[in-house]
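The values are calculated or read from the model by the stated rules, or taken from the named source; none is laboratory data. For clarity, every value in this text was computed on a predicted model and none was experimentally measured. Don't worry about glycine lacking a Cβ; one is built from the backbone with ideal geometry, like all the others, and counts go over all protein chains shown.
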């Protein structure tokens, strides 16, 4: 069993920095929690591979905000696309449910309404369709590619074609 | 990973062409030897290719299923594993997902997969309104979709259907439509998902002569992960005229059920209830379809007839103990946040725990009667409640013809945020979903 005398758990990030975090925060990281529970002896320091100190800073920020009931104020706007993906991977590794949902939603928000080409580039995916296959799929869902055909409406709805 | 260069001599020929036909035995030995060597070389080739593919498997690419992604140093681009991509995609709008089927082959199969549709549905929060009807200029059936946020028309589809089309039910973003053939004895049924504009024809119901369509419903059975359509046929001269006489809507009725994926309608056990009138379009809630049944107009007694699609059983669900609070003469049954919702004049009740009468909770009261926006209408009836305190009201207007006007009304700010949709036919509310895409 891990040392229960102290309320702080030491986590060592990939770049060697040691963070002393509250036990409650460590509990939100299911990966870390599993390591603690599996340990026979006291664990003094838990290494978290794949997580860097700049990730931990943001994780601690989020934790503080959510404890204060202000989790909606947490923002990842300042992160560029690659930094956001990086952070998402770290949180995924640590298996933190709430923050994971926040981040996947943040990525989805950035991708919403973007084009097929943009999304491919974002995920680094290659188009493996032949030109004929691609043309066939595009044709099948042609209406989905047309811009929002929203017509302005006043009190009376127009009888549209 | 650097490429491994392997040079193998493919055609290892021990026998040089200059050998003369000296001795056959020498030649045979040489052939045996070259065969052995060839065999050894082939084995070596196989072993090498196995080890290369093992090394390749350790390289994680975006299209592999893997729980741990490649987390590299900040200078190189992070690639997300496939299951993270699934999490992100299931939060995108349906129209965009249809476009993203063009990204690559694995995304095309993912987005068309029914399991992905279920995951997306669980996270979907976008609703829109859909109506069916006809207009004077065009004899074809018009299916019109409206965005809830702006109440503007977002789509219009024409179908060359001549018969009388009605909504049989709505579930998980799919509407079930029934068309009565003019003078025929077939009742044509089709499913329609307006957000992906996909239709699916179902086998028609054979309706015995002088029978007509009564209660109906469409729902999802979570136990068998499948959809069912329920249709009740009533002898024509029993309803309305004889209802007062027999006092029972349910006498001599027949129940037919169709399970999606099968090719027929099966007869089903009849409702074990009695009642005078029924709100005919069933409301789907968590594996059950529910209909409001009126027992007596004068005393205003009602109950909810429920059909459980999983164990195929009927149940009576009771209304809240009213003691005057629930006005049974102006009731409407609908669904709010996956719970049965009862609208009684201006009061909204929600059944928090399905089947448990004590869990009926009065959520709020809609006071629109004094609002100038709605004062010119009569017979105002709340039809649907949305999560952001907006209510869909159906009002009657009389400007020449009597028709319905649907108003999206914000309960909190009562001044002028109502939007109007004028329609001559009923509207259904639908959530955005990918269900039916795989068909």
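Entry remark, region B:113-132: residues being within 11 Å of another protein chain (Cβ to nearest Cβ) and surrounded by fewer than 16 Cβ atoms within 10 Å (Cβ to Cβ) number 1 in total.
Matching residues to (1) under 30 Å from residue B:390 (Cα atoms); (2) over 14 Å from the mean Cα position of the chain (by Cα):
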site: B:91; (1), (2): yes, yes
site: B:102; (1), (2): no, yes
site: B:119; (1), (2): yes, no
site: B:133; (1), (2): yes, yes
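Of all residues in region A:80-101, those satisfying the criterion of being part of a helix (DSSP H, G or I) and crowded, with 19+ Cβ neighbours inside 10 Å are A:85, A:86, A:87, A:88, A:89, A:90, A:91, A:92, A:93, A:94, A:99. The selection criterion, being modelled with pLDDT under 85, more than 28 Å from the chain's Cα centre (by Cα) and surrounded by fewer than 15 Cβ atoms within 10 Å (Cβ to Cβ), does not hold for residue B:347. Quick one: in region A:105-120, which of the residues that are more than 7 Å from chain B (Cβ to nearest Cβ) and farther than 15 Å from residue B:99 by Cβ is surrounded by the fewest Cβ atoms within 10 Å (Cβ to Cβ)? Residue satisfying both the conditions and the ranking: A:109.
Selection of region A:121-134 for residues being facing chain B (nearest Cβ under 7 Å) and farther than 24 Å from residue A:88 by Cα yields A:127, A:128, A:129, A:134.
Which one of B:338, B:263 is under 24 Å from residue B:174 (Cα atoms) and modelled with pLDDT of 90 or more?
Values: B:338 fails: modelled with pLDDT of 90 or more.
Result: B:263 is the single residue among B:338, B:263 that is under 24 Å from residue B:174 (Cα atoms) and modelled with pLDDT of 90 or more.
Only one of the listed residues (A:153, A:157) is more than 15 Å from residue B:88 (Cα to Cα), at the interface with another protein chain (Cβ under 8 Å from one of its Cβ atoms), touching a strand residue (DSSP E or B) at 6+ places or on another chain (Cβ under 6 Å) and at pLDDT below 95. That residue is A:157.
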